[in-house]
Every structure is written in C-alpha cells, then in structure tokens.
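K.L.:
Supplied in structure tokens, the structure appears directly below.
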Amino acid sequence: MTPESAPITEGYAPRAPFRDELFAEDGTPRPPARALVEALARLGPEGLVAAGRRRDAIFLQQGITFETIGEEGPTRERPFPLDLVPRILTGAEWRTLKQGLAQRIRALNHFVDDVYHGREIVREGIVPWPLIAGRSHFARAVHGIRPPGGVYCHVAGCDLVRDADGTWRVLEDNVRTPSGVSYVLENRGAMARLVPDLFSAYRVRPVDHYPQLLLAALRSVAPSADSEATVVVWTPGPANSAYVEHAVLARQMGVELVEASDLVVRDEVLYMRTTAGLKRVHAVYRRLDDDFVDPLEFRPDSLLGVPGLVRAYRAGTVAIANAFGTGVADDKAVYHYVPEMIRYYLGEEPLLQNVATYLLGDPEVREHVLGRLGELVVKPTGESGGKGVTIGPSASEEELERIARRIEAEPERWIAQEVVHLSTAPTATHDGRLAPRHVDLRPFAVFGERIDIVPGGLTRVALRDGSMIVNSSQGGGSKDTWVLEDGEPDDRAEARLPDPLPPALPDLRYGGWSGQAQQQQQAAGPDAAAEA
Amino acid sequence: MLSRIAHELYWLGRNLTRAEITSRVVDGVFQVELQGATEASPGVVLGWGELLAMLGDGGDAGAMDRAEALERLTLDPQAPTSMRASVERAREGARTVRDVISADMWEAINTTALSLRGDDTPAWLAPAGPYLACQYVKERVALVWGLSDRTMLRDEAKAFLDAGSYMEAADLVLRMLRIAFPPGDDAAASGQALALLQAVGGFQAYRRAVPAPPNARPVARFLLFERAYPDSVAACVDSVHDALDGADTSPRNSEPVLRLSRLAADLDFQRRTLPDAAEIGATCEAVQQELARVDQDIAERYFAGAQAGRRTTVVEI
C-alpha cells in the first residue's frame, strides 16, 4: 500500500512555510517515517478513534489527568490529551541536540555559579549587572553558597522549536522546576499498550530510566558521608497542577513525597517527621519556587515553606535540587545572553541557536520594536507556562495597543522575539484523520556527576488548528517522542527474539517443572539433550 | 514512614470501612423497614433516624422522609454521612498516598468514586431502593481490600491502613449498640435484635456461632465480645493492636499498643464475668471512651499530633 492512497493521510499536506516533522514538502513521508505512516494507514481512522477512546478511559481510571478551569470557574478533571501519532527523531538529529543541550546547560550552570560568586561575566561587560540584580528570581540570600560538586541546575528542560529551514532553536530555558517528565514516561507506556503496532518496524530508545538517573544524580550531590543518603521529593501539595508528576517521580525513585508540614529544621539540619520520630534528610528534589521555600529568607507569608531551610542549605547539611537562585538563569531577558555565555565560559561556539530577541530596556531597540509590534512575539520576562504572551501577527489592534502601553510603562519586564515558524506534525483530529499541528520539544536533562539527557523528551502540540501555544494549561496536548536507535533504514530490524535462547537450568535434576522439562528433552532425542 | 502519610493512610482505612459499613446498614435497615415490626416483642428498633444519629448526622432527622434520608445516606455528595462522601474522602486520601498504596488499589478507589459521580447513579435508587448502590459500594470496597492483600507491601503503610479500618469498624458497631440500647430502656434490652445483625451483615455468622435466638442480650454480647466475628469490637481491638504492634519500632514502650492490650484483656474478662442483666449501653460507653483515648495516643505517637480529619493547608501556586 502506498502512503498516497492511504485514507488516513488523505488530504494531508504540510503547510508552507512551516516544516513538517514527518512529511516532506511534496507530501510524501520522510524516509524514517515511512513505516510509521504505513502502520497508521493499517490502523485507519476508526482504529485511531477507538484507541483514543481507550486512552481516555485508561487515563481517567489511573488518574492521569490535569485540571482545567471551566467557564463557570470550578476545575474539571480531564484526561491528559496524548496524541497517538508519535514524533520521530533520528539518531543523528538526537546526537546534535544532545550535545547542544549539554553545552547550554553547562554554560547556564557556570553562569549561576558566577552570579553568586565572582561575577566575572559582569566585570567583562558581557551581561549588565542591573539586568541580573533586577530579576525577580535573583536570590540575594544564597550569595556565596556553592553546593556540592558546583552543580546548581540538577534538572533542566529546554524548550526547542524547529524553524522553517529545519534548524533547531532554543525558545526558553527551564532551570527552576521544569515539569512534564512524567508525561514522557506515561506517554510511552500508554503508546505501547494502545497502539503497539506502530512500534513494530522501529527500535525506539527507551525513556523509563529517567527516575533512576535522577535518583543517582541526587544521591551523588547529597552530603552524607557514612550512610545511604535519604532523598525526598518536595511537593506543594495535592492541589498543585503537577502533583501527579511529583507522585510518579517519588514512587518510581522509591523515595518519600513530602510536603512542608513533614519537614523541620533543627540546628541547621533538615529532618522529616516520621512515625518513628525525626529522620535526617540529605537531598531534596523540590518542586516549588524559591519564593515559597523558606519564610525566614524569602516570602514571609509562605505557608508552604520550611523555616530555616536556607540556613541548613548554607551550612551544607542538605542538598537542594535545583539549587536556590537558579531562576536567574531561566529568565527570558537573561536568555538573550546565553550564546555569549557559552563562548565566554566554555570557549565554544553554541551548537543550538537562540531565537532573535530584543531587550526593551534600550530606547533605540524599543523604538524599533514598537514600530514592528505586529510582526513580533512579546513575552513577560518572569513568567512561564505561556502566560501573558502576545503573538503579534494574530493579535488584534486593541491588544497591540494595550501591550505597547505596558511596554512603555515597564520596558524591563518585557522582551520581544521574532516569530518562529514552529514546525508541524501530523496529529489525529476527532474523526481520526491527520492534520498538521504545531509542536515544540522539551528534552529533560539530569546534571549530577555528568549530564544525562533522556532520549526524546516531551513533544507538546497545539491541538487547535493554527495555534502556536502548546502549553497544556492552554489547550495543548502532547506526543510520544521517538528517538530511533539509528536513523539508517538498514538498522530498523524486524522485531525478533534475542538470539541464543537461554539454556535450561543446569544441575536441577529432580523435582518440579525443570525435572519434567528435562525428561521431555531427553524424550525428544539425544541432540536436544546435548544442546540443553 | 512520614507521619503525614501514616495519618492519611489511617484515615483512608477509616473512610473505606465507613463507606462499607454504611452500605451494609442502609441495605439492612431498608429491608427491615419495608416489612414492619414483628407483632409479639418489638425489641430493638433501628430506623432511618437512628441510622443518621449513628453516623453523626442526627440533627434534623425528624423532619425527613424516607427518600430524603435514603439520599442523605447513600448518594448525596453534600451530606458528610453519605456513602458517596466517604468514598470521595477516601479518593482524596488515596490521591495523596498514591505512591504508597499499590496502583491497583488507587485505580479501584478512583473508579469507584468516578462511577458514583456518574449521571446514571440516581436511577440506581429510584425504582430499586438502595440495593444496587449499596451492593456496588460493598463490592468495590471488598475489591480494594482484596487488592491491598494481594498487591500492597505488608509494611507500616499497610499496618496504618488496617488500624484505621478496624478502629472505624469498632467505633461504628459501638455507636450502633449505644443507639439501639439507650440507658434505662428495658424493652429494647429484652426484645429481639435481628435488625442489628442484619444491619452489619452478621446474621449468618451469629447463627453459626451462637445457639440462642437473636435476642438483644446475646446479640449485643456477640457484637461486643465474639473474637471469631471480624466486625465485633473485641476482634477489631485485637486487629488494631496487632497492626500497631507490628508497625511500631518499640511496641513495649508504645502508649497506644499498651492501652490496646489492656482493652483486649478487659473485653475478654468481661465476656466471662459480665452478668447477663448488666446494662449494655454503659459497657459500650466505657469501651468507646477507651477507644477515643487510643485514637488520641495514636495521633500523638505516630502522626506528630495531627488531629482527626484536619489536613495541612494547601495553596495553589
């Protein structure tokens, strides 16, 4: 069956100028995607719709949901929208991405260290000091503290997009508390159960070792000399939208999931309250912002914090991942300087490009930007999750007017970026047919003794036609992301059983099943017995 | 194990058992009510008002009709006494401890709550009475416990889950007995008490264990002292004791474990020595107060003083 005649892709065409991830410009599947498109054609629209229904039922049952705020206000639980058409990255593409990300994260880590110590980069005149000090995530309280191993950004996730010409660009760095990795794990599990047929012609690199990587990294930075380090995951609580993720990570790492009320600091040492009294904690993977962690040092009105935690951290009795104050490196204004950081700290050329960004503090730049507001994307610097983003080409006159006034009032709080032509990927619509939707990619890196990046990452997809906002809080979904073991078609072997079958158990001659098996082998003839 | 998690598990056990026992008593009372009282000796009366009082919602029971009371005990999401509210509370608790209980258990609890929320559940009540809804909850809770036996690690977590469950069972049986035998009411104490057995689903067990007809005194003794019957107070006290004894690192110094040992011995002693004519209500009251002290001790020793039902404040950020 040729892909052109397959009904599921009928009428599917990449929309210029956007690049499509699975189809070339002429509408034929790219070589690595050919087998996938054939498998989808075998499944057909009905098969895809049916699998979608099964998916929703399973997700609801397992509680893999997120809460949306309905029209009337109250939250509604909905199954996480996983699109059943995977996205494919070849081994070669992934290697480039991986190196670029590792380079970037290393540079960001250097930057955080520098900001809270020597400030060399400021002295060199590369990044202006007022810009750093004026960031809301700059944490004076942790000045001069160097965590074990000099690692600040233990967990990082960079948002990548692919431009019309196929180059990867970094849209955003997340080095505070990047979320979404549990969806990478859940998506893969769900795909394998719902549409196993799609996998049949591929060897997809696994992702399920992420929790073990994270645990190893946390253990490696934990200040525990004598015994096995106690690691905990710290969640703001069940009302947090990412609570499911916190619970999944804690469960898969086999560590406790704690809330603020479980933690207490005594004499600069962190403990948790257990049924057998207080127990020392060596490393905390925290999933809440700096602002809330310690009412004595940060926001005094935080109910979610542990008084004295920063003091314990300063005393070096506990490792915190990510370290306090890393937010200064994922600010959207600091983002502009990351390529410079890579050159300065590592002496290398950046492997991944930034999106052209304008800082609006400079009057000339501001003038230029305000003149072209309709062609640019405007973002607030300190926000995440797609909040407050205005996309020039799709905004109304009034919206542009309003944003221009806000920029003039507080230019430092905003940045402008050139519009990126986010690539598209075929995505199942409600009737099971495919349509191009815009996607990005968030790979997750773990920085312990070295940097490990789980193959692939979270592909987020804007489920509304034409929309470029992929955040799940704003109607985005996700896709399973496949990194192929190798991009070459020759390496895509048919699934086969591993080649020598394991031998029968030796030296177990009597009793039970193995004894019977041996008898059968003997009955089968001397050759079979000799092989066993 | 974290105190907060232990506390949450304890209440998960309590809520599950509460949902189950509620479904049993509602079903039992509905059947008894339908048929009217036996003519000879009225004995113990257990109606909707008594039931609401037993579950702690007796305030305006007098002004309610049967359908309203039924709704309030089964599927009303607002009434804290309803089966559905218990299941919802269990689900909230299970959500918090989903990394501790097995995934199978969480899914069973979650789907139970979700289907009780479903649009077709009111139709369960209308033509058929509470049977369908009660049966569903009974089966689902049994499923959860079955899964916990098969899939959950037999560690501290299971111990606190079990402890909560048996505490709740003991508490509810004691409440029922105290309401059925108000102080000074001889008529109740000498009549028949089939209703009580039907309410807890223990009629068959009683018939097999006790040769006497189901009259008030032997039934009350059965529900209080019969160790072989799992929902009897003595059996529940034993089970709570065993659970905590296994979970505690030094049970010999543990206030709740010691108190439970004493209570278990005391119940055994009373079983042999309590005169037949003794007032049942008073005995129950003494046991209930002792159990309240056990509950307090448990909170202090294991839950870092966390109070019943009070959750830590959570703020969306």
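The values are calculated or read from the model by the stated rules, or taken from the named source; none is laboratory data. Quick caveat, the model's predicted, so the values are computed rather than measured. Note that we place each Cβ from the backbone using ideal geometry, even for glycine, and neighbour counts take in every protein chain shown.
K.L.:
Output yes when any residue across segment A:296-308 is touching a strand residue (DSSP E or B) at 6+ places or on another chain (Cβ under 7 Å), more than 13 Å from every other protein chain (Cβ to nearest Cβ) and surrounded by fewer than 23 Cβ atoms within 10 Å (Cβ to Cβ), and no when none is.
P.N.:
For segment A:296-308, residues touching a strand residue (DSSP E or B) at 6+ places or on another chain (Cβ under 7 Å), more than 13 Å from every other protein chain (Cβ to nearest Cβ) and surrounded by fewer than 23 Cβ atoms within 10 Å (Cβ to Cβ): present.
K.L.:
For segment B:125-150, enumerate the residues that are farther than 21 Å from A:Ala57 by Cβ and without any contact (Cβ under 8 Å) to a residue 60 or more places away in the chain.
P.N.:
B:Leu125, B:Ala126, B:Pro127, B:Ala128, B:Leu132, B:Gly146, B:Ser148, B:Asp149, B:Arg150
K.L.:
Every residue in segment B:221-267 that is part of a helix (DSSP H, G or I), within 14 Å of chain A (Cβ to nearest Cβ) and out of contact with any His (no Cβ under 7 Å at 6 or more places or on another chain), please.
P.N.:
B:Ala243, B:Leu244, B:Asp245, B:Gly246, B:Ala247, B:Pro251, B:Asn253, B:Glu255, B:Pro256
K.L.:
Given the conditions (1) outside any loop (DSSP other than H, G, I, E, B); (2) farther than 30 Å from A:Trp414 by Cα; (3) more than 14 Å from chain B (Cβ to nearest Cβ), which single one is not true for A:Val328?
P.N.:
The number of the failed condition is (2).
K.L.:
Taking the criterion of being modelled with pLDDT of 85 or more and aromatic (Phe, Trp, Tyr), would at least one residue in segment A:88-96 satisfy it?
P.N.:
Yes, segment A:88-96 contains at least one residue that is modelled with pLDDT of 85 or more and aromatic (Phe, Trp, Tyr).
K.L.:
Pull up segment A:201-216, narrow it to residues that are of a type in the set (A, V, I, L, M, F, W, C) and part of a loop (DSSP other than H, G, I, E, B), then point me to the one that is nearest to A:Ile453 (Cα to Cα).
P.N.:
Checked segment A:201-216; the qualifying residue nearest to A:Ile453 (Cα to Cα) is A:Val207.
K.L.:
Restricting attention to segment A:334-348, does a residue exist that is over 24 Å from the mean Cα position of the chain (by Cα), exposed (fewer than 15 other Cβ atoms within 10 Å of the Cβ), part of a loop (DSSP other than H, G, I, E, B) and in contact (Cβ under 8 Å) with a residue 24 or more places away in the chain?
P.N.:
The answer is yes, given that some residue of segment A:334-348 is over 24 Å from the mean Cα position of the chain (by Cα), exposed (fewer than 15 other Cβ atoms within 10 Å of the Cβ), part of a loop (DSSP other than H, G, I, E, B) and in contact (Cβ under 8 Å) with a residue 24 or more places away in the chain.
K.L.:
Output the residues belonging to segment B:140-161 that are surrounded by 13 or more Cβ atoms within 10 Å (Cβ to Cβ) and of a type in the set (Asp, Glu).
P.N.:
B:Glu156
Residues are listed down the side, and each one gets a yes or a no for (1) at the interface with another protein chain (Cβ under 7 Å from one of its Cβ atoms); (2) at pLDDT 90 or above:
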{"position": "A:Ser224", "(1), (2)": "no, no"}
{"position": "A:Val231", "(1), (2)": "no, yes"}
{"position": "A:Ala247", "(1), (2)": "yes, no"}
{"position": "A:Glu256", "(1), (2)": "yes, yes"}
{"position": "A:Val265", "(1), (2)": "no, yes"}
{"position": "A:Met272", "(1), (2)": "yes, yes"}
{"position": "A:Gly277", "(1), (2)": "no, no"}
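K.L.:
Here's another thing I want to ask about it. Restricting to segment A:22-68, name every residue that is assigned to a helix (DSSP H, G or I) and of a type in the set (Val, Ile, Thr).
P.N.:
Selection gives A:Val37, A:Val49, A:Ile58.
K.L.:
Can you confirm whether segment A:149-160 contains a residue that is over 23 Å from A:Leu249 (Cα atoms), at pLDDT 90 or above and not polar (S, T, N, Q)?
P.N.:
Yes, that holds for at least one residue.
K.L.:
Can you find a residue in segment A:76-95 that is acidic (Asp, Glu), closer than 23 Å to A:Val248 by Cα, more than 14 Å from chain B (Cβ to nearest Cβ) and not in a helix (DSSP H, G or I)?
P.N.:
yes
K.L.:
Can you name the strands (runs of 3 or more DSSP E) wholly within segment A:360-428 that have at least 2 residues being β-branched (Val, Ile, Thr)?
P.N.:
A:376-380, A:424-428
K.L.:
If you don't mind, another one. Looking at this structure, is B:Ala282 assigned to a helix (DSSP H, G or I), more than 14 Å from chain A (Cβ to nearest Cβ), under 28 Å from B:Arg208 (Cα atoms) and modelled with pLDDT of 95 or more?
P.N.:
So B:Ala282 fails the test.
K.L.:
Just for segment B:73-128: of the residues that are acidic (Asp, Glu) and under 26 Å from A:Tyr243 (Cβ atoms), which one is surrounded by the most Cβ atoms within 10 Å (Cβ to Cβ)?
P.N.:
Within segment B:73-128, the match that is surrounded by the most Cβ atoms within 10 Å (Cβ to Cβ) is B:Asp99.
K.L.:
Please indicate, with yes or no, whether at least one residue in segment A:139-160 is small (Gly, Ala, Ser) and under 18 Å from A:Val439 (Cα atoms).
P.N.:
Yes, the conditions are met somewhere in segment A:139-160.
K.L.:
Assuming A:Asn240 fulfils every condition listed in (1) of a type outside the set (Val, Ile, Thr); (2) within 14 Å of another protein chain (Cβ to nearest Cβ); (3) in a helix (DSSP H, G or I) apart from one, which condition is it?
P.N.:
Checking A:Asn240 against (1) of a type outside the set (Val, Ile, Thr); (2) within 14 Å of another protein chain (Cβ to nearest Cβ); (3) in a helix (DSSP H, G or I), the one that fails is (3).
K.L.:
If you take the residues of segment B:215-262 that are surrounded by 16 or more Cβ atoms within 10 Å (Cβ to Cβ) and among the hydroxyl-bearing types (Ser, Thr, Tyr), which of them is nearest to B:Met167 (Cα to Cα)?
P.N.:
Of everything passing the filter in segment B:215-262, B:Ser239 is nearest to B:Met167 (Cα to Cα).
K.L.:
Also, I was wondering about something else. With respect to B:Glu107, determine if the residue is in a helix (DSSP H, G or I), at pLDDT below 95 and more than 22 Å from the chain's Cα centre (by Cα).
P.N.:
For B:Glu107, the condition - in a helix (DSSP H, G or I), at pLDDT below 95 and more than 22 Å from the chain's Cα centre (by Cα) - is met.
K.L.:
Restricting the search to segment A:201-238, which residues are among the hydroxyl-bearing types (Ser, Thr, Tyr) and under 16 Å from A:Lys279 (Cβ atoms)?
P.N.:
The answer is A:Ser224, A:Ser227, A:Thr230.
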